[in-house]
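The values are calculated or read from the model by the stated rules, or taken from the named source; none is laboratory data. Bear in mind the structure is a predicted one, so any value in this text is a computation, not a measurement. Cβ placement follows ideal geometry from the backbone for every residue including glycine, while neighbour counts extend to all protein chains displayed.
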Amino acid sequence: MKELKILYLYPDILELYGDYGNIQVLKYRSEQRGITATVAPYSIGDNPPNFNDYDLVFAGGGADQEQGILAEDLLKYKDNIKEAVKNGVFFLLICGSYQLFGKYYKGVEGNIIPGLEVFDYYTEALEDRKKRCIGNIVINANLNGKETKIIGFENHGGQTFNIDTPFGDVLFGNGNKFGDKKEGFFLTNVIATYLHGPLLSKNPELADYIIKYCLDRKYNENITLDPLNDKFENKVREQLLNRFLYNSFKKQEQ
Ligand code: GLN
């Protein structure tokens, strides 16, 4: 029986935008295929994890205040995290946690929250707290050579700069900053993105891409995941893509 070991960072703090749903989707899509998915939560005060012991590290989004609360604790694991990234452990980071893996996050109050400096990007929120990137978003991502539309919802004041390998091209919505053409940050084993939703509930192919990567790496195989019945997910995707892409084009024509 294959196993997917997930480390879930700060589930009690980075819990503002429903990103826990990504864990539920990963568990569901693994268990439907007879793959055991174990989830180990970690938060402030827990025994320090060894990030290399996991196949996948997940962290969600949170408000500036929560990011400030956990930053000092997260920084304790800077070297271990860098090592795990280099070793190929998969990191799925949503919004607030995405920001904290860069150089720093400058909050809406102008306060600098130091980042892990795992990657060279940095994020600065606009001083006007009403100016936030909020709304539905669709990007085009390349997953193992397959162009894939990824649907989500963004809600961030932070504007992220200095991204050399984005997750995708923005088809609808903002992305890394207002009016950006690019969204997120992407390496073979890192997806850092502004897409809430929860992300994986709207993008089953992306969930399977992550599961396959983790199992291929762990078992040194080229695994073919059994297809699941995604009829409902694909119906929802079709509706959303029509609404966001078709209508947005229709509006442009008027
Ligand atoms: N507090 C950060 C910002 O406003 C992250 C928000 C989030 O995680 N959705 O940009």
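One table, with the values for the structure above:
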{"read-out": "Residue that is farthest from the ligand (Cβ to nearest atom) [pool: residues in the stretch 15-45 that are at pLDDT 95 or above, more than 22 Å from V118 (Cβ to Cβ) and of a type in the set (D, E, K, R)]", "value": "R33"}
{"read-out": "Per-region count, the stretch 158-174, residues crowded, with 19+ Cβ neighbours inside 10 Å and in contact (Cβ under 8 Å) with a residue 40 or more places away in the chain", "value": "7"}
{"read-out": "Flag if L116 is assigned to a strand (DSSP E or B), away from the ligand (no atom under 12 Å from the Cβ) and either small (G, A, S) or touching a residue at least 24 places away in the same chain (Cβ under 8 Å) (or both)", "value": "no"}
{"read-out": "Test: residue in the stretch 4-16 that is assigned to a helix (DSSP H, G or I) and either out of contact with any helix residue (DSSP H, G or I) (no Cβ under 9 Å at 6 or more places or on another chain) or farther than 24 Å from N229 by Cα (or both)", "value": "no"}
{"read-out": "Flag if N155 is away from the ligand (no atom under 16 Å from the Cβ), surrounded by fewer than 20 Cβ atoms within 10 Å (Cβ to Cβ) and within 18 Å of L200 (Cα to Cα)", "value": "no"}
{"read-out": "The one condition in (1) free of Cβ contacts under 8 Å to residues at least 60 places away in the same chain; (2) in contact with a strand residue (DSSP E or B) (Cβ under 9 Å, 6 or more places away or on another chain) that K218 fails to fulfil", "value": "(1)"}
{"read-out": "Single unsatisfied condition, F90 versus (1) more than 25 Å from Y8 (Cα to Cα); (2) away from the ligand (no atom under 16 Å from the Cβ); (3) of a type outside the set (V, I, T); (4) surrounded by 20 or more Cβ atoms within 10 Å (Cβ to Cβ)", "value": "(1)"}
{"read-out": "Condition met for Y105 (hydroxyl-bearing (S, T, Y), within 16 Å of the ligand (Cβ to nearest atom) and farther than 17 Å from L16 by Cβ)", "value": "no"}
{"read-out": "Qualifying position, being touching a helix residue (DSSP H, G or I) at 6+ places or on another chain (Cβ under 8 Å), within 16 Å of the ligand (Cβ to nearest atom) and either in a strand (DSSP E or B) or at pLDDT 95 or above (or both), among G68, G61", "value": "G61"}
{"read-out": "Sole exception among (1) in a helix (DSSP H, G or I); (2) surrounded by fewer than 23 Cβ atoms within 10 Å (Cβ to Cβ); (3) within 13 Å of the ligand (Cβ to nearest atom) for S97, by number", "value": "(2)"}
{"read-out": "Residue satisfying condition, being at pLDDT 95 or above, more than 9 Å from the ligand (Cβ to nearest atom), at negative phi and loosely packed, with under 14 Cβ neighbours inside 10 Å, within set K78, K131", "value": "K131"}
{"read-out": "Residue list for the stretch 134-146, restricted to those being more than 15 Å from the chain's Cα centre (by Cα) and within 13 Å of the ligand (Cβ to nearest atom)", "value": "I134, G135"}
{"read-out": "The stretch 9-35 - residue that is buried (at least 21 other Cβ atoms within 10 Å of the Cβ) and of a type outside the set (A, V, I, L, M, F, W, C) and, of those, farthest from D216 (Cα to Cα)", "value": "Y17"}
{"read-out": "Condition met for P48 (in contact with a Pro (Cβ under 7 Å, 6 or more places away or on another chain), more than 16 Å from the ligand (Cβ to nearest atom) and not hydrophobic (A, V, I, L, M, F, W, C))", "value": "no"}
{"read-out": "The stretch 119-128: number of residues that are part of a loop (DSSP other than H, G, I, E, B) and either within 23 Å of F186 (Cβ to Cβ) or more than 13 Å from the ligand (Cβ to nearest atom) (or both)", "value": "3"}
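Per-residue answers, yes or no, for (1) of a type in the set (G, A, S); (2) assigned to a loop (DSSP other than H, G, I, E, B); (3) farther than 25 Å from I137 by Cα; (4) touching a Lys or Arg at 6+ places or on another chain (Cβ under 6 Å):
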position	(1), (2), (3), (4)
R33	no, yes, yes, no
A37	yes, no, yes, yes
E72	no, no, yes, no
A84	yes, no, yes, no
E109	no, yes, yes, no
